[in-house]
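The values are calculated or read from the model by the stated rules, or taken from the named source; none is laboratory data. Everything numeric here is computed off the predicted structure, so don't read it as measured data. Cβ atoms come from the backbone with ideal geometry, glycine included; neighbour counts cover every protein chain shown. SASA here: full protein model, heavy atoms, side chains in, ligands and nucleic acids out. Shrake-Rupley method; radii C 1.70, N 1.55, O 1.52, S 1.80 Å.
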Amino acid sequence: MFARPTSALVAALMLVPAGVAAAGTTGHGKIVSADPVNTTPHVLDGIVNAIALVGGTVVVGGSFGEVRDAGSATTLKRDNIFAYDLATGRIVPGFEPSLDRPVNALAAGADGTVYAGGEFAAIGYARTRGLARLRLSDGAQVRGFDAQVQGGVVTSLVRRDSHLYVGGDFTAVGRVSRPALARLDAATGVADPGFAIAPGTPRGNRVRVQAMALAGDRLAVDGNFTTLDGRSRPQLGLVDVGVLPAKVADWRTDAYAGKCMDVFPSYVRGLDFAPDGSYFAVVTTGGPARSGKMCDTAARFETRTRGEVRPTWVNHTGGDSLYSVTATGAAVYVGGHQRWLDNPLGHDSAGPGAVERPGIGAIHPQTGKALKWNPTRERGIGVKAFLAHPGGLLVGSDTTQLGREYHARVGMFPMP
């Protein structure tokens with residue numbers, strides 16, 4: 001039998017707006033439960049890279065080919081993207097776009113649509129490059145949106161109203177040069193001439209934006225760049241999008257100027273604003289490091305500080321990567337393949353004061369210390385996607401155990 005949602009969960013889900021939900025926009029007054037709901041479907045192979053919520057429909061993207069409803073023995077074919085009903089967990093029939101390569105990023109669109117970005121070059125028989133707008137009703141591409149991403153892939157998407165921000169390692173959108181970062185018209189996909197911020201001087205062969213988040217008039221961007229529009233911004237910067245043209249904000253940190261292991265020339269990964277936009281959190285990979293470096297850490301930064309900025313706090317894993325983060329006001333949730341938090345003296349080991357938080361954890365937004373919340377997760381590669389919404393916290397990864405239960409690659413922690 002298919003597991004029914006609890007009455008408390010149904011009540012919470014009634015708070016989900018009919019529009020869209022995005023990272024950094026949902027605040028929680030409490031920490032989510034450590035017991036996942038039983039209704040989420042299972043992704044049977046590969047990895048989940050991205051989650052979006054459009055009204056009451058969850059869209060999941062990544063690199064996979066098979067999914068299954070909870071409590072069902074029937075396997076369904078889904079090529080790198082699928083959707084399910086948030087309240088019941090049932091996979092949505094009819095939304096079956098066939099993407100030939102992985103989806104790395106999703107953003108909720110208007111009028112029952114979703115934007116998908118990634119490595120794909122075709123959707124079914126239609127050619128498209130790295131970015132598409134899809135109808136949830138039937139999976140078809142929305143006519144009129146034509147953003148052909150040239151020379152690379154899409155890694156991150158953020159939409160607000162008529163603007164769609166796109167990050168990756170591409171060189172152009174359509175015929176307009178936009179190295180690694182662009183703002184598009186959300187209806188047409190045309191590059192906005194009022195936004196031409198250029199990341200540069202990469203740590204590596206080509207410039208890449210890894211993650212983005214938007215709050216008010218500030219766009220936070222991280223990646224392997226060391227400059228934004230020629231101004232020193234090692235791996236992290238803020239862009240003022242409240243002016244025309246957009247400009248690099250007077251905010252800079254040397255926190256990520258140092259080196260980690262040679263195999264990680266660039267090591268910033270996920271970032272997310274608090275719901276009120278007053279601060280944001282950044283997580284990293286990089287390998288074990290001493291001497292106060294920011295390898296394998298979570299850190300908080302204040303948004304409105306000007307000039308040279310230091311992190312408000314730093315939480316070290318002691319040698320394990322963090323890939324994703326979401327800030328809800330009640331907690332800063334982090335995910336990767338970490339074994340510990342509160343571990344500044346660990347070197348691929350548990351140092352003094354380390355607390356076990358395998359695969360997923362929560363940090364106090366003010367103190368920077370690990371909260372008691374400890375559902376556990378099979379570690380694998382790590383959490384690649386978080387999405388907070390009024391009913392709880394959605395999680396996407398590459399493993400099948402979450403909260404000591406079977407939840408293959410997708411799960412949700414409800415509000416208590």
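Looking at T367, T317, can you tell me which residue is among the polar types (S, T, N, Q), closer than 27 Å to G237 by Cβ and open to solvent by less than 10 Å² (accessible area, probe 1.4 Å)?
Working: T367 fails: open to solvent by less than 10 Å² (accessible area, probe 1.4 Å).
The conditions single out T317.
I need every pair where a residue in the stretch 27-53 that is closer than 30 Å to A215 by Cβ has its Cβ under 6 Å from the Cβ of a residue that is at pLDDT below 95 and buried (at least 22 other Cβ atoms within 10 Å of the Cβ), sequence separation at least 6 or different chains.
Cβ pairs passing all conditions: L53/A21.
Just checking, how many residues over the stretch 118-136 are outside any strand (DSSP E or B), open to solvent by less than 30 Å² (accessible area, probe 1.4 Å) and more than 13 Å from G189 (Cα to Cα)? Talk me through it step by step, then tell me what you get.
To start, the set of residues in the stretch 118-136 that are outside any strand (DSSP E or B) comprises 119-121, 124-125, 128-130, 136.
Cutting the leftovers down to open to solvent by less than 30 Å² (accessible area, probe 1.4 Å) gives us 120-121, 128, 130, 136.
Now narrow it down to the ones that are more than 13 Å from G189 (Cα to Cα): 120-121, 136.
The total comes to 3.
Scan the stretch 248-263 and give yes if some residue there is of a type in the set (S, T, Y) and more than 25 Å from R206 (Cβ to Cβ), otherwise no. Before the answer, list the steps.
Initial filter on the stretch 248-263 (of a type in the set (S, T, Y)): 253, 256.
Keeping just the survivors that are more than 25 Å from R206 (Cβ to Cβ) gives none.
No, because not a single residue in the stretch 248-263 is of a type in the set (S, T, Y) and more than 25 Å from R206 (Cβ to Cβ).
Considering the stretch 330-357 alone, what residues qualify as being assigned to a loop (DSSP other than H, G, I, E, B) and under 25 Å from P390 (Cα atoms)? Break it down into steps so the answer makes sense when it comes.
First pass over the stretch 330-357, keeping only residues assigned to a loop (DSSP other than H, G, I, E, B): 330-331, 337-339, 342-354, 357.
Correct list: A330, A331, R357.
Residues that are in contact with an Asp or Glu (Cβ under 6 Å, 6 or more places away or on another chain) and touching a residue at least 24 places away in the same chain (Cβ under 8 Å), at least 1 per element: which strands (runs of 3 or more DSSP E) completely within the stretch 290-329 meet that? Explain how you work it out, then say what you get.
Numbers: elements: 297-302, 313-316, 322-327.
Fully inside the stretch 290-329 and qualifying: 322-327.
Residue pairs, Cβ under 7 Å, 6 or more apart or interchain, first in the stretch 227-249 and free of Cβ contacts under 8 Å to residues at least 24 places away in the same chain, second surrounded by fewer than 17 Cβ atoms within 10 Å (Cβ to Cβ) and part of a loop (DSSP other than H, G, I, E, B). List them.
If the second residue must be surrounded by fewer than 17 Cβ atoms within 10 Å (Cβ to Cβ) and part of a loop (DSSP other than H, G, I, E, B), the pairs left are P234/D254; P234/A257; D240/D217.
Condition test on D146, is it more than 23 Å from the chain's Cα centre (by Cα) and either basic (K, R) or open to solvent by 30 Å² or more (accessible area, probe 1.4 Å) (or both)? Lay out the reasoning, then the answer.
Values: more than 23 Å from the chain's Cα centre (by Cα): yes; either basic (K, R) or open to solvent by 30 Å² or more (accessible area, probe 1.4 Å) (or both): yes.
Yes; evaluated as a whole, the condition is true for this residue.
Which residues, taken from the stretch 389-408, are closer than 19 Å to V32 by Cα, in contact with a Phe, Trp or Tyr (Cβ under 8 Å, 6 or more places away or on another chain) and either among the aliphatic types (A, V, I, L, M) or not in a strand (DSSP E or B) (or both)?
Selection gives L393, L394, V395, G403.
Among the residues of the stretch 320-331, what is the count of those that are more than 24 Å from L345 (Cα to Cα) and open to solvent by less than 30 Å² (accessible area, probe 1.4 Å)?
Quick first cut of the stretch 320-331, residues more than 24 Å from L345 (Cα to Cα) only: 326-330.
Right, trim to open to solvent by less than 30 Å² (accessible area, probe 1.4 Å) and you get 326-328, 330.
Here the count works out to 4.
Do we have any residue at all in the stretch 252-272 that's charged (D, E, K, R), closer than 24 Å to G130 by Cα, surrounded by fewer than 20 Cβ atoms within 10 Å (Cβ to Cβ) and at pLDDT below 95?
There is no residue in the stretch 252-272 that is charged (D, E, K, R), closer than 24 Å to G130 by Cα, surrounded by fewer than 20 Cβ atoms within 10 Å (Cβ to Cβ) and at pLDDT below 95.
For the stretch 78-105, which positions are open to solvent by 20 Å² or more (accessible area, probe 1.4 Å), assigned to a strand (DSSP E or B) and either out of contact with any strand residue (DSSP E or B) (no Cβ under 6 Å at 6 or more places or on another chain) or among the aliphatic types (A, V, I, L, M) (or both)? Break it down stepwise before answering.
First pass over the stretch 78-105, keeping only residues open to solvent by 20 Å² or more (accessible area, probe 1.4 Å): 79, 85, 87-88, 90, 92-94, 96, 98, 100-102, 104.
Retained after the next criterion (residues that are assigned to a strand (DSSP E or B)): 85, 104.
Result: D85, single match.
Name the one entry in R377, R409 that is open to solvent by less than 40 Å² (accessible area, probe 1.4 Å), in contact (Cβ under 8 Å) with a residue 24 or more places away in the chain, among the basic types (K, R) and within 24 Å of A108 (Cα to Cα). Talk me through it step by step, then tell me what you get.
On the way: R377 fails: within 24 Å of A108 (Cα to Cα).
Selected residue: R409, the only one of R377, R409 that is open to solvent by less than 40 Å² (accessible area, probe 1.4 Å), in contact (Cβ under 8 Å) with a residue 24 or more places away in the chain, among the basic types (K, R) and within 24 Å of A108 (Cα to Cα).
Residues in the stretch 278-285: is at least one among the hydrophobic types (A, V, I, L, M, F, W, C) and either in a loop (DSSP other than H, G, I, E, B) or under 15 Å from D348 (Cβ atoms) (or both)?
Residues of the stretch 278-285 that are among the hydrophobic types (A, V, I, L, M, F, W, C), as a first pass: 280-283.
Checking which are either in a loop (DSSP other than H, G, I, E, B) or under 15 Å from D348 (Cβ atoms) (or both) leaves us with none.
Within the stretch 278-285, none of the residues are among the hydrophobic types (A, V, I, L, M, F, W, C) and either in a loop (DSSP other than H, G, I, E, B) or under 15 Å from D348 (Cβ atoms) (or both).
Any idea which residue in the stretch 39-77 is most open to solvent (accessible area, probe 1.4 Å), counting only those that are over 19 Å from the mean Cα position of the chain (by Cα) and hydrophobic (A, V, I, L, M, F, W, C)?
It comes out as A73.
Here is a list: A299, A289, A281, A274. Which entry is out of contact with any Phe, Trp or Tyr (no Cβ under 9 Å at 6 or more places or on another chain), among the small types (G, A, S) and closer than 23 Å to G361 by Cα?
Working: A299 fails: out of contact with any Phe, Trp or Tyr (no Cβ under 9 Å at 6 or more places or on another chain); A281 fails: out of contact with any Phe, Trp or Tyr (no Cβ under 9 Å at 6 or more places or on another chain); A274 fails: out of contact with any Phe, Trp or Tyr (no Cβ under 9 Å at 6 or more places or on another chain).
None of the others qualify; the one that does is A289.
Among what's in the stretch 248-271 and is among the hydrophobic types (A, V, I, L, M, F, W, C) and not in a strand (DSSP E or B), pick the residue that is farthest from Q366 (Cα to Cα). Can you show your working first?
Applying the first criterion (among the hydrophobic types (A, V, I, L, M, F, W, C)) to the stretch 248-271 yields 248-249, 251, 255, 257, 260-261, 263-264, 268, 271.
When the remaining residues are screened for being not in a strand (DSSP E or B), the result is 249, 255, 257, 260-261, 263-264.
Numbers: A249: 24, A255: 19, A257: 25, C260: 27, M261: 30, V263: 33, F264: 29 Å.
Applying the filter and picking the extreme gives V263.
Are there any pairs, at least 6 apart or on different chains, whose C-beta atoms fall under 8 Å, with the first in the stretch 342-369 and in contact (Cβ under 8 Å) with a residue 12 or more places away in the chain and aliphatic (A, V, I, L, M) and the second open to solvent by 70 Å² or more (accessible area, probe 1.4 Å) and not in a loop (DSSP other than H, G, I, E, B), and if so, which?
As it stands, the answer is A350/E356, since those pairs meet every condition given.
Scan the stretch 161-220 for residues that are open to solvent by less than 10 Å² (accessible area, probe 1.4 Å) and free of Cβ contacts under 8 Å to residues at least 24 places away in the same chain and report the count.
So the answer is 1.
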